[in-house]
Amino acid sequence: MLISEVMKKNPVTVNFDIKLNEAYKLMQDKKIRHLPVLKEEKLIGVVTDRDLRLATSKLSEHPFDPETEVEKVMSHPVSTTSPNDPVERATQVMRELKIGCLPVVEEMKLVGIVTNTDLLDALLMLTGVHQPSGRLDVRLPNKTGELARLTGLLSEQKVNIHSILTYPDKDGKVRLVLRLGSIEMKMLAELICNAGFEVIWPVHIACVK
Amino acid sequence: MCKIIYHPKYNLYDLGESHPFNPVRVEMVLDLLHELNYAVEPETPDPVTPEMLYKIHDKNYVDIIEALSRGENKTESEQLGLGTIDNPITKGMAEGARYQAGGTLLGAKLLLENKTKKVLQLGGGFHHAHSNLASGFCIYNDLALAIKEMTDKGLHVVYLDIDVHHSDGVQKIFYNDDKVMTISLHESGEFLFPGTGWIHELGQGMGRSLKLNVPLDPFTEGESYLEVMDGIIEPALKWFKPDAMIVMAGADAHFSDPLADLLLTTMDYEKIFKKILKYADDYSNGKIIFTLGGGYSITATPRIWTILYLLIMNLEIPYKLPPKWIKKWSKKIGKEILGFLHDQLPAYEPIPRKSEIEKHNRDLIRRISDSVVQYWI
């Protein structure tokens, strides 16, 4: 699953010199929390609803004037992701940096935005990467015993399965995301293919029927 | 001035006949050098003791491995990654791994005592071993042990890993360490074990910006690989100014490797090794240790490591392989060996996505540079 599948395309952006009160109104109108900030078409930061609230709060020692330009309060330097990145990678970045969104950049151009809400939507269909492992995506017939047959094959090879996530695929089949505790993924992919399953990822060792 | 390190007991680390991590690879190197009339006179290391490994590994982990290696049964083995397809339990494996760790450690000591500037350890390179987890053919992390030996004496060390898999074990052990920079060039974890080594893994705390990862696209070729080296490794060395380098020279980025998908040729490896030796001369006062590592193409790996030996010893690289060696080993391994030390071109079919791959890798240079620039001041 890639960022391009979960991101919001053509995000609402603001110019660096827009005023805080204007940015606030824009967020209210569009019901969004994050605004990528551009300067001469180039992404230079992100301003969030939290940035605005903190900057202008009366509780703050030196509150910013609502007429201040967003450039003064935006978060920067900005971390980005690209449309071809898998969602789990973007999640790790956001987690590590404790941020709520990543602008999506392709060939230096802003093409989308992904927020933690988008990633929560994706969560059900994703797998973690916490243990050293190789990942295989496998397609199974949605039939009793097929998953057992697959895991039986792996067990015979003494392969520990670190995680399996499944989601429904087309034509009444089931898609599995397997994380296996082995470096010998090509060999295992071949084995699984030979047993009649479809290996979909990694693409260059796939066998799709 | 270069020292070679080797011990015949390295072979005790034998994970079984059909296991890819095969001691025969080093035997082929030694025999080839012999047939080329180069006398290899290695320093022989003592094995490290189990206690010495407590510096890197949990005591419990080491003790269980030692027991398993003696043939005892331990129920915890699978929790520790042992008894699996990658890390089967074999008799003597712990002793073999301790000899190999002793070799890498000896390399570090030789550098520290100024007995040599360059070391080639004909073994070791167990970069997937974690403090309490065996993984990816590795149990004891010899690299971490040698690095620790040097940093304990106050040295700043750059660990460079050109094995095709991410060096997750070494990275994790030094993730917060400000004396150790780790640089790993590998096939992207999207496609390859261990699934880590992303560009945003930059280290934590004092170690921030000192852990660099270059997840290359599958089918990356030599030219692009060398471009990435110049774009990332050289600026890193220039900035960090290490006192010594340790290089894990896995040979599994070769195009014929059965486990991975990069497309380096032996000619590329020659360029890569020369480049690394030049980096050592320019940025670490010439001090460098090479270890072996992955490399599962049994016909290519010995040739690549022989080239490494010849370069580091400043010896001539022959064009042809000795017929006697070819005859002997093609029979033993049951595979055809061509008559030349280097690969013959064209080595593989042209890659249709070549320019896209190059673009992706070039993008990595930019993104990595962007993310460290705020720290490297």
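Here, each number is a calculation from the coordinates, and none is a lab measurement. This is a predicted model, so every value here is computed, not measured. Note that each Cβ is placed from the backbone with ideal geometry, even for glycine, and that neighbours are counted across all protein chains shown.
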Taking B:I183, A:I200 and counting other C-beta atoms within 10 Å, the order from fewest to most: A:I200, B:I183
Inter-site label distance for B:N314 and B:L338 at 7 Å from Cα along Cβ, in nm: 3.1 nm
Dipole axis of the protein assembly as shown (+1 Lys, Arg; -1 Asp, Glu on Cβ), positive-most option in B:N314, B:G107, A:T144: A:T144
Of A:Q92, B:S330, A:V46, farthest towards positive along the dipole that unit charges on Lys, Arg, Asp, Glu beta carbons give the protein assembly as shown: B:S330
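Please report B:H57, A:H76 as a ranked list, fewest other C-beta atoms within 10 angstrom at the top and most at the bottom. Present the calculation step by step, with values, prior to reporting the outcome.
Numbers: B:H57 25, A:H76 12.
Ordered from fewest to most neighbouring Cβ atoms within 10 Å, B:H57, A:H76 come out as A:H76, B:H57.
Quickly estimate the mean residue ellipticity at 222 nm for chain A, helices only: each DSSP H run with n ≥ 4 gives -39500 (n - 2.57), and the total goes over all residues, rounded to 500.
On the way: 7 runs with 63 residues, N = 209.
Value at 222 nm, helices only: -8500 deg cm²/dmol.
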Proximal aspartates and glutamates relative to B:K59, as straight alpha-carbon distance under 15 Å, when same-chain residues fewer than 8 apart are discounted: B:E51, B:E76
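Which GluC sites (Glu not before Pro) does segment A:54-84 hold that lie in a coil by DSSP with at most 12 other beta carbons within 10 Å? Intermediate values should be presented prior to the final figure.
On the way: sites: A:E61, A:E67, A:E69, A:E71; in loops: A:E61, A:E67.
Those satisfying the criteria are A:E61, A:E67.
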Calculated FRET efficiency for the pair B:T75/B:D178, C-beta based, R₀ 45 Å, to 0.05: 0.70
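Dipole of chain B, Cα-centred, from +1 at each Lys and Arg C-beta and -1 at each Asp and Glu C-beta, to the nearest 20 debye? Walk me through the numbers before you get to the answer.
Details: 40 positive and 51 negative charges, 171 e Å.
The calculated dipole for chain B is roughly 820 debye.
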Under 20 Å from the Cα of B:K320 - aspartates and glutamates, other chains or at least 8 residues apart: B:E27, B:D31, B:E35, B:D268, B:E270, B:E336, B:D343
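Can you give the % of DSSP beta bridges in segment A:3-123 that are antiparallel, to the nearest 5? Each step should come with its number before you reach the end.
Values: 16 of 19 bridges.
The answer is about 85 percent antiparallel.
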Segment B:163-207 versus segment A:156-185: alpha-carbon centroid distance in Å: 25 Å
Pair A:N21, A:S57: separation of 7 Å Cα→Cβ label points (nm): 2.2 nm
Set of aspartates and glutamates with alpha-carbon distance to A:K19 below 15 Å, sequence-local pairs under 8 removed: A:D49, A:D51, A:D65, A:E67, A:E69, A:E71
Shielding by partners, peptide B:192-202 (average Cβ within 10 angstrom, other chains): 6
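Can you give the average number of partner chain beta-carbon atoms within 10 Å of each beta-carbon in peptide A:85-98, as a whole number? Intermediate values should be presented prior to the final figure.
On the way: counts 2, 4, 0, 4, 7, 1, 0, 4, 5, 1, 0, 4, 1, 0.
The shielding value for this peptide is 2.
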DSSP-defined antiparallel bridges as percent of all bridges, the protein assembly as shown, nearest 5: 55 percent
26 Å Cα-Cα threshold exceeded, pairs from A:K8/A:K42; A:K158/B:K328; B:K211/B:K271: A:K158/B:K328
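Using a Förster distance of 41 Å, how high is the FRET efficiency between B:K359 and A:T144, based on the Cβ-Cβ distance and rounded to 0.05? Before the final figure, lay out each step's value.
Working: r = 46 Å, r/R0 = 1.13.
It comes out at approximately 0.30.
If you put +1 on each Lys and Arg Cβ and -1 on each Asp and Glu Cβ, how big is the dipole of the protein assembly as shown around its Cα centre, in Debye rounded to 20?
That gives a dipole near 260 debye.
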Estimated dipole of segment B:211-289 in Debye, rounded to 20 [Cβ of Lys and Arg +1, of Asp and Glu -1, Cα centre]: 480 debye
Ascending count of other beta-carbon atoms within 10 Å, so fewest first, for A:M108, A:M27: A:M108, A:M27
Choice from A:G181, A:G112, A:G152 showing the highest fluctuation, given a GNM over chain A with Cα pairs closer than 10 Å: A:G152
Cysteines in the protein assembly as shown that, by Cβ-Cβ distance, have no pairing candidate under 4.7 Å: A:C101, B:C2, B:C138
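Provide the packing ranking of B:330-336, B:92-98, B:75-81, i.e. peptides ordered by the mean count of other C-beta atoms within 10 Å per residue, highest first. Don't skip to the answer; put the middle values down first.
Details: B:330-336: 11.4, B:92-98: 23.4, B:75-81: 16.0.
So the order, starting with the most tightly packed, is B:92-98, B:75-81, B:330-336.
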Peptide B:79-85, shielding by other chains (average Cβ, 10 Å cutoff): 4
Centroid-to-centroid separation of segment A:17-38 and segment B:99-156 [C-alpha atoms, Å]: 54 Å
